[in-house]
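One structure is given below, represented as structure tokens, and several questions about it will come after.
The values are calculated or read from the model by the stated rules, or taken from the named source; none is laboratory data. Please read all numbers here as calculations on a predicted model, not as lab measurements. Note that each Cβ is placed from the backbone with ideal geometry, even for glycine, and that neighbours are counted across all protein chains shown. With ligands, DNA and RNA removed, areas are computed over all heavy atoms of the protein, side chains included. Shrake-Rupley method; radii C 1.70, N 1.55, O 1.52, S 1.80 Å.
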Amino acid sequence: MIPANLRYAWNNSSSPWLVRAHRLVDTAAVVVPELTVSVGSDGPTIAYGGLRHGLTHVLPFLEQRRGSASRQSTRRTTWRELADGSAAPEADLLLVGHLHDVAVPEHALALPFRIVLGVPVGPDPAEVPARLARKARQQHARELRSRERTLEVAAGESDFHSFYDEMHRPTMVNRHGDAMRSESRRSALECLFRRGKLFFLCESGERVAGMLCRVEGRTLVLRLAGVAAGGEEPYQVGTYMALYVLILQWASANGFDLVDLSGSEPFLSKGIFQFKRKMRPEVSLPANHFAYKRLLLHVRRDRPPVRDFLVANPVLTAGFEAVHFFDEQRPPRTDLRWETPGVHGQRLVHLDGFLAGLPTGGGNVVPVHHGGI
């Protein structure tokens, strides 16, 4: 059995030699890549091939956004077939995870595989709320007083197990179901709790939410979160935002330079991106093995469900530019905001031009689903 600390370092470390070793292993693992095709009752048929990380980081999110039950099939393919699209003739959208930058064909966009959201903090905790979007700032100030919110730093192992069982796991199950990703209990205990900080947000003295963080030098990395019993109410009354703000203030008061809010897929429709954007984080590439990985989004057919899906899910390109699709019947999703440090601008792409020359066909309109935190 691989020790928890070694497994955690393999997946998350920015150590140059570990990153190089990860790249060598990734290269050997995808000599013969696999292709997974996902078909739903509504919406586009989505295929994913290449790096296996995409089966946990990309495909489940896109299936959730499609919003219909999925049937998957997997087969072997080649990198040449992935490059020219012949690997998935039945797919409307083909996404390919690559180990490096690649040439971008027509009807395609190159995206980062993952992005990281980080908030620099100075020595004055009172400056932290000024980073918030106006409505979030006003709600935080109002409810901080009315709900008697305080931050508790817990140190007992029983506190860890209480957080993991009564907050984190229920929240992940309730919000993400089969698509949930998390650390095992053993890894969370050894690699996070014993090398970091456990915070609880209290309302009138009662623990209502928690966050387990790792300390890496002068950076505080937010890793596992949860609310009591995994309930929905804390998201409606600003509890979750209050937890983040109070942790940012704690980090400021305790000598940290940066709070790493953790990562996201490069889609503006990702609920966690929209939520964390309210704190004006700086967007960057991860420092670990995801830094060199890229995701190619290749559109294979021009059908109404495909257009609906593209408009509903704006992306961040590998150059950190926000791309919103639109056409005459589908206005761009401007409610999915992109403005935050590190994102260099916005590009509106008309689908008539982007999809010109692709095969066309009928299809049902895919319902728009807003992703959760």
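Diagonalise the Cα gyration tensor of segment 202-265 and give the resulting equivalent ellipsoid semi-axes, square root of 5 times each eigenvalue, largest first, whole Å.
In descending order the semi-axes read 22, 14, 10 Å.
Computing the accessible area with a 1.4 Å probe over protein heavy atoms, can you report the carbon and sulfur percentage for segment 120-243?
Carbon and sulfur atoms account for 46 percent of the accessible area of segment 120-243.
Now a separate question. For segment 99-115, what does the Karplus curve 6.51 cos²θ - 1.76 cosθ + 1.60, with θ = phi - 60°, yield as ³J(HN,Hα) per residue in whole Hz, taken in order and with x for Gly and Pro?
Along segment 99-115, the couplings run 7, 6, 5, 10, 5, 9, x, 4, 6, 9, 9, 9, 10, x, 5, 8, 10 Hz.
Would you give the gap between the C-alpha center of segment 27-45 and the C-alpha center of segment 46-72, rounded to a whole Å?
Spelled out, the Cα-based centre of one part sits 8 Å from the other.
Before rounding to the nearest 500, sum -39500 (n - 2.57) across all DSSP H runs of length at least 4 in the chain and divide by the residue total; then give [θ] at 222 nm in deg cm²/dmol.
Roughly -8000 deg cm²/dmol at 222 nm, from the helical runs in the chain.
Heavy-atom accessible area per residue, the chain, 1.4 Å probe: how many Å²?
Roughly 44 Å² per residue, with all protein chains present.
For residue 233 and residue 153, what does the FRET efficiency come to when R0 = 25 Å and r is the distance between their Cβ atoms, rounded to the nearest 0.05?
Values: r = 24 Å, r/R0 = 0.97.
With R0 = 25 Å, the Cβ-Cβ based efficiency is 0.55.
Shifting gears a bit: Taking the Cα centroid of segment 201-241 and of segment 271-314, what is the distance between the two, rounded to the nearest whole Å?
25
How much accessible area does residue 241 have with a 1.4 Å probe, in Å² rounded to the nearest 10?
Residue 241 exposes around 20 Å² with every protein chain in place.
Report the GluC sites (Glu not before Pro) located in segment 166-263 that are in a DSSP loop and have at most 13 other Cβ atoms inside 10 Å of their Cβ, or state none.
Of the GluC sites (Glu not before Pro), the ones in loops of segment 166-263 whose Cβ has at most 13 other Cβ atoms within 10 Å are 232.
So how much slack lies between residue 11 and residue 352, counting 0.36 nm per residue of separation and subtracting their Cα-Cα distance, in nm?
Numbers: separation 341, 0.36 × 341 = 122.76 nm, distance 4.07 nm.
Here the answer is 118.7 nm.
Would you pull out the residues with amide H under 5 Å of residue 282's amide H, same chain only if 5 or more places away, H placed 1.01 Å from N?
Residues meeting the criterion, in which the H sits 1.01 Å from N, are 118, 119.
Same structure, new question: Could you pull out every one of the lysines with an alpha carbon less than 18 Å from that of residue 278, ignoring same-chain neighbours closer than 8 positions?
Leaving aside lysines fewer than 8 places away in the same chain, those within reach of residue 278 are 135, 270.
Let me check the size of the chain from its C-alpha atoms; what are the radius of gyration and Dmax in Å?
Cα only, the chain: 21.1, 62 Å (Rg, Dmax).
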